[in-house]
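The values are calculated or read from the model by the stated rules, or taken from the named source; none is laboratory data. It should be emphasised that the depicted structure is a prediction, and the values quoted were computed from it without experimental measurement. Using ideal geometry, Cβ is built from the backbone for each residue, glycine included, and neighbour counts are taken over all protein chains shown.
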Amino acid sequence: MSAIRSILHLLFMAVTVVPWALAVIIASPFMNSTKIYWMCAGWLRLVVWGGRWILGIRNHVIGYENLPVGSKAPAVLLVKHQSTWETFAMPALMPHPLAYVFKKELLYVPFFGWAMARMDMIHIDRSKRAQAFNKVVQQGQRLLDKGTWVIMFPEGTRIPRGQKGQYKSGGTRLAVQTGAPVIPIAVTSAKCWPRRALVKKPGVVEFSIGKPIPSQG
């Protein structure tokens, strides 16, 4: 049954991403980046909704009170990366515009990547580490100044449940450079959406938002 549900949810995403992406591409010349973001977040909410009703995956968030308050309050969100699920879920769960730092290769994914290219986010060439970090700092500062939270996965890739990845320093260095606080977020998505697995499992994914860590002083 889980295999059938997993295939249905995959088809659900494939069918809905095409009109969404086309709408974003057509609308992007006439809308500002914040409106484009919320337009895209709408599709991600749809994916999460489908995850609940098709796959039986529910989200439980702890620690909303630890998020900065105010439309211009900066933050660098450093999120544990276990699966694709948190990539979909974070914009659907957060009350604030987010900007992902992601590898540029994702821009070439049909429809999904084409729509991402219209969003004000930070895509980097991971083979050029120095240039990539400079780009993260420059664009990250601009995004934080306008009230967008920057979100990064410090492990750099999805790590199977129960294993520890090597944490990269890019997120904390960005916070130090910009003066923004770090918000650590732990997730348990792999128990429902295992890394590189077609079959998804019903259950509760927990998002635990930690207390802000000052980057200055």
* Go through the stretch 26-41 and give me each residue that's exposed (fewer than 15 other Cβ atoms within 10 Å of the Cβ) and assigned to a helix (DSSP H, G or I). => ILE26, ALA27, PRO29, PHE30, THR34, LYS35, TRP38
* Structure fact -> Those residues of the stretch 183-214 which are crowded, with 16+ Cβ neighbours inside 10 Å, in contact with a helix residue (DSSP H, G or I) (Cβ under 7 Å, 6 or more places away or on another chain) and either small (Gly, Ala, Ser) or at positive phi (or both) amount to SER189
* **Selected residue [part of a helix (DSSP H, G or I) and either modelled with pLDDT of 95 or more or closer than 25 Å to THR178 by Cα (or both)] from VAL17, VAL61** => VAL17
* Of GLN163, GLN141, which residue is at pLDDT 80 or above and surrounded by fewer than 18 Cβ atoms within 10 Å (Cβ to Cβ)? -> GLN141
* **Leading residue by the ranking (farthest from TRP149 (Cα to Cα)) among those in the stretch 120-131 that are buried (at least 19 other Cβ atoms within 10 Å of the Cβ) and among the hydrophobic types (A, V, I, L, M, F, W, C)** => ILE124
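For GLY56, indicate whether it is more than 14 Å from PHE111 (Cβ to Cβ), over 19 Å from the mean Cα position of the chain (by Cα) and surrounded by 12 or more Cβ atoms within 10 Å (Cβ to Cβ). Reasoning before the result, please.
Details: more than 14 Å from PHE111 (Cβ to Cβ): yes; over 19 Å from the mean Cα position of the chain (by Cα): yes; surrounded by 12 or more Cβ atoms within 10 Å (Cβ to Cβ): yes.
Taking the combined requirement at face value, the residue satisfies it.
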